[in-house]
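Nothing in this text is a laboratory measurement; each read-out follows from the coordinates by a stated rule. Being a predicted model, the structure only gives us computed values, none of them experimental. Don't worry about glycine lacking a Cβ; one is built from the backbone with ideal geometry, like all the others, and counts go over all protein chains shown.
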Amino acid sequence: MISTKNTNLLTKSLETITPLIQETNVRFKDEGIYIKAIDKTQILLVDFFMSKKAFDTYAVEPSLVGLNILELKNMLSRSFGEDKLQLNLKDQGLDVYLLGKIERKFYLSFLDLSEQNINLPEIRYEVEFNIAAGLLKEILTDINLVASTIIFKINDGKLIIEATGEKGNIKTTLPEIKVKSKKNFSAKFSLSFLRNIVKSMDNDKVLLIKLAEDVPIYIEYTLSKDCIIKFYLSSMLI
């Protein structure tokens, strides 16, 4: 059985992941819950971990189960503020209890999903920086006015974000973000994927972003010290 009075932490995690991945294998291990999945287009990897320390009770047999996490998120979103969440792994599915002024029980059947063997190679990044999720959302919204792709540029220690499309172009300089790099470079990514990655994030949360040339962008979203989501989005040809 797994239980917590902080239903919002798991709900918020799934709200962040499900715009990108709806069905996946979920691994329940002794140390916590893991999701490592690649989206259908094969260009995005999501790496999620929620420690058992985030729960009031965490007592499960280690297991790997296929779940529709979008449906699970929808169930959790029905919780009231003071509800206690309880999860029970059964042979064929998951019992989801929301316990408060009223008591509700949902049941979510397991899915038969093939197991993905995901081994991420060691990536050497040139630069890393922090940026508030809310600020990044605004920058991406600006870019959406003119283009469908985004270019991050490192130029003499400055971070510049550019985009060019049929409607025009935009250049955003972030002078308060200092980066150290031995070389100048550019990296291009899908705007729609980046917008889906950040759209459910809390605006005041600070993201860690890592960049290098011709490698996936790394975005780390820390919901709490016991709950972290990492995204790796493949770069595009410039």
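With a cut-off of 8 Å between alpha carbons and a minimum separation of six or more residues, what is the relative contact order of the range 127-233 in percent? Result for the range 127-233 is 29 percent. For the cross-link pairs LYS52/LYS182; LYS52/LYS73; LYS153/LYS205; LYS12/LYS90, which exceed 29 Å when the distance is taken from alpha carbon to alpha carbon? Listed pairs above 29 Å: LYS52/LYS182.
Taking the Cα centre of the range 1-89 as origin and assigning +1 to Lys and Arg Cβ atoms and -1 to Asp and Glu Cβ atoms, the resulting dipole is close to 80 debye.
In summary, the aspartates and glutamates within cross-link reach of LYS158, defined as a Cα separation below 20 angstrom excluding same-chain residues under 8 places away, comprise GLU126, GLU128, GLU138, ASP142, GLU176, GLU213, ASP214.
Scaling the Cα radius of gyration of the range 127-233 by the globular reference 2.2 N^0.38 Å produces a ratio of 1.03. For the chain, adding -39500 (n - 2.57) for each run of n ≥ 4 DSSP H residues and dividing by the number of residues yields -5000 deg cm²/dmol at 222 nm.
Here the range 89-146 is treated as an ellipsoid with the same Cα gyration tensor; its semi-axes, largest first and in whole Å, are 39, 25, 13. Each of GLY168, ILE151, SER192 was scored by the projection of its Cα onto the charge dipole of the range 127-233, and the greatest displacement toward the positive side belongs to ILE151; charges sit on the C-beta of Lys, Arg, Asp and Glu. Over all other residues within a Cβ to Cβ distance under 11 Å of TYR97, the charged ones net out to 0, with Lys and Arg as +1 and Asp and Glu as -1.
Cross-link partners of LYS36 among lysines, defined as those whose alpha carbon lies under 16 angstrom from its own and excluding same-chain residues fewer than eight positions apart: LYS230.
Farthest toward the positive end of the dipole of the chain, out of THR11, LEU136, TYR218, is the Cα of LEU136, where the dipole comes from beta carbon charges about the Cα centre. Expressed as a whole percent, the proportion of Cα-Cα pairs in the chain lying more than 31 Å apart is 29%.
Per the Debye formula on identical point scatterers at the alpha carbon atoms of the range 2-109, with no solvent, log10 I(q)/I(0) at q = 0.17, 0.25 Å⁻¹ is -0.78, -1.68. For the chain, a crude dipole built from +1 on the beta carbon of Lys and Arg and -1 on the beta carbon of Asp and Glu, taken about the Cα centre, is about 440 debye to the nearest 20. Taken over the Cα atoms of the range 172-219, the convex hull encloses 110 Å³ per residue.
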